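A.B. asks: One structure, pasted below without further comment.
The values are calculated or read from the model by the stated rules, or taken from the named source; none is laboratory data. Since the structure is predicted, the reported quantities are computational estimates derived from the model, not experimental observations. All Cβ positions, even for glycine, are placed from backbone atoms using ideal geometry, and neighbour counts span all protein chains on display.
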Amino acid sequence: MVRFLSFEKVNSSQKINWEKIKKQIKDAEMSLTQNFSVDIDTQNKILEKRASLFARESKEDKTSSVLIETLEFIIANEIYCLELKYISEAIKLKEITKINAVSPHLLGLANVRGKIISIIDIKKIFDLPPENLSNQNIVVVIQLDKIKFGFVVDKIIGISKIKLTDVQAPPTALTEKKTEFLMGITKEHKIVLDGAKLITYN
């Protein structure tokens with residue numbers, strides 16, 4: 001808002017009051033400075049809001065564009081996914097040596113490329129109905145640092161990319177035991193496993 005300050009008209013025959021004129025000029029300068037400061041403050045607030053909005057939009061765009069590469073496989077007629085960064089390899093099930101294990105989830109031991117690794121029964125972890133194993137089953141070997149083991153799946157579908165924003169929280173109807181090792185579920189009802197928690201559990 002622009003303010004107009006008026007100065008008194010001085011008759012040439014009158015004595016000029018310089019002190020009064022100086023005061024009016026000073027008042028005018030102060031008024032202009034105050035108005036300018038308000039405008040700067042307002043502009044700064046607008047710029048801050050714009051910067052904040054831009055940063056938020058940029059972050060959302062970045063998150064929405066993040067893709068994770070996963071291996072898709074079937075367990076008990078459900079499609080599961082696990083990030084490739086946790087997977088060492090996937091091989092056909094050959095022979096598992098059963099042992100007297102403390103953990104009911106341990107199927108036994110297997111020789112994979114000259115190394116003995118544990119094979120767990122992921123169906124028991126998720127309370128899925130057990131099925132007889134055959135050479136049609138696949139062992140997915142996962143590894144993180146020095147921890148390495150395998151779990152049995154029914155079938156490998158292939159590799160796929162999933163947007164992180166498409167992974168939703170697991171339904172509340174699922175038990176805590178089932179959701180403990182899940183990142184979430186996609187819109188296509190694919191169950192995304194949390195590889196880090198799965199390895200830590202083992």
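A.B. asks: Does the range 149-164 contain at least one residue that is modelled with pLDDT of 90 or more, closer than 21 Å to Val66 by Cβ, of a type in the set (Val, Ile, Thr) and touching a Leu at 6+ places or on another chain (Cβ under 9 Å)?
C.D. replies: yes
A.B. asks: Name every residue in the range 132-164 that is more than 14 Å from Ala196 (Cα to Cα) and either exposed (fewer than 13 other Cβ atoms within 10 Å of the Cβ) or among the basic types (Lys, Arg) (or both), in order of residue number.
C.D. replies: Asn132, Ser134, Asn135, Gln136, Lys155, Gly158, Ile159, Lys161, Lys163
A.B. asks: Among the numbered criteria (1) of a type outside the set (Val, Ile, Thr); (2) surrounded by 13 or more Cβ atoms within 10 Å (Cβ to Cβ); (3) within 17 Å of Glu78 (Cα to Cα), which single criterion is violated by Ala196?
C.D. replies: Every listed condition holds for Ala196 apart from (3).
A.B. asks: What single numbered condition from (1) under 21 Å from Ile96 (Cβ atoms); (2) among the hydrophobic types (A, V, I, L, M, F, W, C); (3) assigned to a strand (DSSP E or B) fails to hold for Ile157?
C.D. replies: Unmet for Ile157, out of (1) under 21 Å from Ile96 (Cβ atoms); (2) among the hydrophobic types (A, V, I, L, M, F, W, C); (3) assigned to a strand (DSSP E or B): (1).
A.B. asks: Name the residue, out of Ser65, Ser58, Ser52, Ser88, that is out of contact with any Lys or Arg (no Cβ under 6 Å at 6 or more places or on another chain), at pLDDT 90 or above and among the polar types (S, T, N, Q).
C.D. replies: Ser88 is the lone residue from the list that is out of contact with any Lys or Arg (no Cβ under 6 Å at 6 or more places or on another chain), at pLDDT 90 or above and among the polar types (S, T, N, Q).
A.B. asks: Every residue in the range 128-155 that is closer than 11 Å to Ile75 by Cβ and of a type in the set (A, V, I, L, M, F, W, C), please.
C.D. replies: Answer for the range 128-155, where residues must be closer than 11 Å to Ile75 by Cβ and of a type in the set (A, V, I, L, M, F, W, C): Leu128, Ile138, Val140, Phe151, Val152, Val153.
A.B. asks: Scanning for something part of a helix (DSSP H, G or I), surrounded by fewer than 18 Cβ atoms within 10 Å (Cβ to Cβ) and assigned by TED's automatic domain parsing to the domain that holds Gly150, does the range 112-123 turn up at least one residue?
C.D. replies: no
A.B. asks: Out of the residues in the range 88-98 that are surrounded by 13 or more Cβ atoms within 10 Å (Cβ to Cβ) and free of Cβ contacts under 8 Å to residues at least 60 places away in the same chain, which is nearest to Gly195 (Cα to Cα)?
C.D. replies: Ile91
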